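Report on one structure; see the data block that follows.
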Amino acid sequence: MARFHLERLCLTTLTLGVWALVPCGTFQYDDFPNIVLEPSTFELARASGLRWLTRLSYFADASVWGMRAHGFLLTNLLLHLGSVLCVHSLAAAPVVTAAGRFRPPHGAAFVGAALFALQPANAEVVAYASGRATGLMTLLLLAGLTLRAHGRRRAGLAAFVLACLAKEVAVVFPLLVWLRERDARELARSSAVAFAVLAVLVCIPRYRELAGFSLAARDPLAALQLNLSVLPTQLSLWFRPWALSVEHAVDFSPELPAIGAGIALLCAMALGAFAARRRAPAVAFAIGWVLVALLPTSSLVARADPISERALYLAFVGPAIALGDTLARMRPLAPRLAAAAVLGLLAGSAVGATARVDVWSDPRLLWADALKKAPSSARAWNNLGMAYFARDEFERAREAFRHALAIDPRAPRARENLHALQILCGRRCP
């Protein structure tokens, strides 16, 4: 027990140390309509019913901190720390697999939780105020699984319901329960609760509007094809921190080879999980967790951003736990190699996470970084122009808006922003 608490103290220090500069950031692009200008941030009674618990958290932050970004970002950081500690508890609990019940080796829980804590792709959840829904949902969902692992099943279901009120993708909870417990009865019980939650959400007009928007943007088959085509790129971001970006170049009309690559990866993951279910249960668990966690956002639903780092946040829990288990099992066989691998992974992750926090600290850095990876994005050029506009760097703002219009002459926001800049400067741009 003393070892367990010492590990949690080390995880807390590590997490807060690496992400320490998060509260020094600022509000970013979607934060303004979603938080700063959203009426429910100041009057909770005006909330639309969409992600009510997330709206409550924003209201609480505004009540305590006012509209200071550092308070909202500090809350995000604390939510991330809570998720890290839940991953640690979850990774330390026994797991039921096809090969039977097994307990992770010493050190596995700490390494797995540390890898989750420092994953650079988590920056969009931790260092971005509008990442709150994912951070809060993940904490509550992991808390529900942890409570169940300690025999508190009703409390676990209550945490699951709260997670759905933070973000609706938490409905995958029953499948995650089955991955850990392999109990058909518990799957049925938690699924019944999930269906009841979905029935309530369907009655909320705002959710029906979002469903209509998704169907109007792209039919389910086209959405599935697009999501499959970007799946290899999205998953590779865990291992390519230099490719992380708020904007990714995406072919919205994917060709057959790209779709085929996504299908091949999906089949390989499913077959790999099946083949490893007895000899390497941790690997099977990790693959199953990724497939389940990505199911709501990477299947039939059309999204404005098909490649999203926020979708990877919950999905990385399974691989982090499995990687921690694998490295812990390596230690008796090759202690030096295992130690070097752990230190190398944690050091590399810490460097990557720190770099992403720096990028997210300033809108100009964020969108300049995005344009290095997606130079033909009209949205990125427009948002970079707005970042310059907000800092009274009018010449740079003008050039950015012009770039956006050169890429997409029909971009209404860029045209409106350029017009506003001309009025503010008191002259027409040549």
query: Of the residues that sit in the stretch 188-210 and are more than 24 Å from the chain's Cα centre (by Cα) and touching a residue at least 60 places away in the same chain (Cβ under 8 Å), which one is least open to solvent (accessible area, probe 1.4 Å)?
result: Ile204
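Looking only at the stretch 269-285, filter to residues that are part of a helix (DSSP H, G or I) and open to solvent by 60 Å² or more (accessible area, probe 1.4 Å); which one of those is nearest to Ala223 (Cα to Cα)?
Across the stretch 269-285, the extreme among qualifying residues is Leu271.
If you take just the helices (runs of 4 or more DSSP H) that sit entirely in the stretch 116-214, which of them hold at least 3 residues that are β-branched (Val, Ile, Thr) and under 23 Å from Leu56 (Cα atoms)? Please lay out each step first, then the result.
Details: elements: 123-126, 132-149, 153-166, 173-181, 184-202.
Once the helices (runs of 4 or more DSSP H) in the stretch 116-214 are filtered for at least 3 residues that are β-branched (Val, Ile, Thr) and under 23 Å from Leu56 (Cα atoms), what remains is 184-202.
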message: Cβ-Cβ under 8 Å, sequence separation 6+ or interchain: first residue in the stretch 405-425 and among the hydrophobic types (A, V, I, L, M, F, W, C), partner open to solvent by 100 Å² or more (accessible area, probe 1.4 Å) and outside any loop (DSSP other than H, G, I, E, B). Which pairs?
response: Leu405/Arg415
field: Where Phe173 falls short, out of the listed (1) surrounded by fewer than 21 Cβ atoms within 10 Å (Cβ to Cβ); (2) under 30 Å from Pro94 (Cα atoms)
entry: (1)
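Based on what the data block shows, is Ser214 of a type in the set (S, T, N, Q), touching a residue at least 24 places away in the same chain (Cβ under 8 Å), over 24 Å from Phe274 (Cβ atoms) and open to solvent by less than 40 Å² (accessible area, probe 1.4 Å)? Let's see the steps before the verdict.
Numbers: of a type in the set (S, T, N, Q): yes; touching a residue at least 24 places away in the same chain (Cβ under 8 Å): yes; over 24 Å from Phe274 (Cβ atoms): yes; open to solvent by less than 40 Å² (accessible area, probe 1.4 Å): yes.
Spelling it out, Ser214 is indeed of a type in the set (S, T, N, Q), touching a residue at least 24 places away in the same chain (Cβ under 8 Å), over 24 Å from Phe274 (Cβ atoms) and open to solvent by less than 40 Å² (accessible area, probe 1.4 Å).
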task: Please tell me if Ala286 is at pLDDT 90 or above, over 22 Å from the mean Cα position of the chain (by Cα) and of a type in the set (A, V, I, L, M, F, W, C).
output: no
Within the stretch 42-62, tally of residues that are in a loop (DSSP other than H, G, I, E, B) and either touching a residue at least 24 places away in the same chain (Cβ under 8 Å) or open to solvent by less than 50 Å² (accessible area, probe 1.4 Å) (or both): 5
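Look through Leu226, Leu221 and report the one residue that is buried (at least 16 other Cβ atoms within 10 Å of the Cβ), at pLDDT 90 or above, in a helix (DSSP H, G or I) and more than 17 Å from the chain's Cα centre (by Cα). So that I can check it myself, show each step before the final result.
Values: Leu221 fails: buried (at least 16 other Cβ atoms within 10 Å of the Cβ).
Unique residue meeting the criteria: Leu226.
Given the criteria crowded, with 24+ Cβ neighbours inside 10 Å, within 30 Å of Arg189 (Cβ to Cβ), in contact (Cβ under 8 Å) with a residue 24 or more places away in the chain and in contact with a Ser or Thr (Cβ under 6 Å, 6 or more places away or on another chain), does Thr138 qualify?
yes
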query: Within the stretch 297-309, is even one residue out of contact with any Cys (no Cβ under 8 Å at 6 or more places or on another chain), assigned to a loop (DSSP other than H, G, I, E, B), buried (at least 22 other Cβ atoms within 10 Å of the Cβ) and among the charged types (D, E, K, R)?
result: yes
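In the stretch 246-268, which residues are part of a helix (DSSP H, G or I) and not hydrophobic (A, V, I, L, M, F, W, C)? Write out each step before concluding.
Let us first name the residues in the stretch 246-268 that are part of a helix (DSSP H, G or I), namely 256-268.
Across the stretch 246-268, the qualifying residues are Pro257, Gly260, Gly262.
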field: Residue ID - nearest to Trp289 (Cα to Cα), chosen from residues in the stretch 316-325 that are open to solvent by less than 60 Å² (accessible area, probe 1.4 Å) and part of a helix (DSSP H, G or I)
entry: Gly318
statement: For Leu237, the lone unmet condition from (1) open to solvent by 20 Å² or more (accessible area, probe 1.4 Å); (2) under 27 Å from Glu168 (Cα atoms) is (1)
field: Tabulated pairs, the stretch 30-41, first within 11 Å of Ala69 (Cα to Cα), second open to solvent by 50 Å² or more (accessible area, probe 1.4 Å) and in a helix (DSSP H, G or I), C-beta under 9 angstrom, 6+ apart or interchain
entry: none
- request: Within the stretch 221-241, work out how many residues are under 28 Å from Pro363 (Cα atoms) and in contact (Cβ under 8 Å) with a residue 40 or more places away in the chain.
  value: 9
query: Residues in the stretch 375-414 that are closer than 18 Å to Phe27 by Cα and polar (S, T, N, Q): how many?
result: 2
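Quick check: is even one residue across the stretch 88-105 within 30 Å of His248 (Cα to Cα), open to solvent by less than 20 Å² (accessible area, probe 1.4 Å), in a helix (DSSP H, G or I) and in contact with a Gly (Cβ under 9 Å, 6 or more places away or on another chain)? Outline the logic, then answer.
Within the stretch 88-105, the first condition is being within 30 Å of His248 (Cα to Cα), and the residues that meet it are none.
No: zero hits.
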Sole exception among (1) modelled with pLDDT under 95; (2) under 21 Å from Thr75 (Cβ atoms) for Leu141, by number: (1)
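The values are calculated or read from the model by the stated rules, or taken from the named source; none is laboratory data. Note that this is a predicted model, so its numbers are computed, not measured. We place every Cβ from the backbone using ideal geometry, glycine too, and count neighbours over all the protein chains shown. Just so you know, the surface numbers come from the protein's heavy atoms only, side chains and all, with ligands and any DNA or RNA stripped out. Shrake-Rupley method; radii C 1.70, N 1.55, O 1.52, S 1.80 Å.
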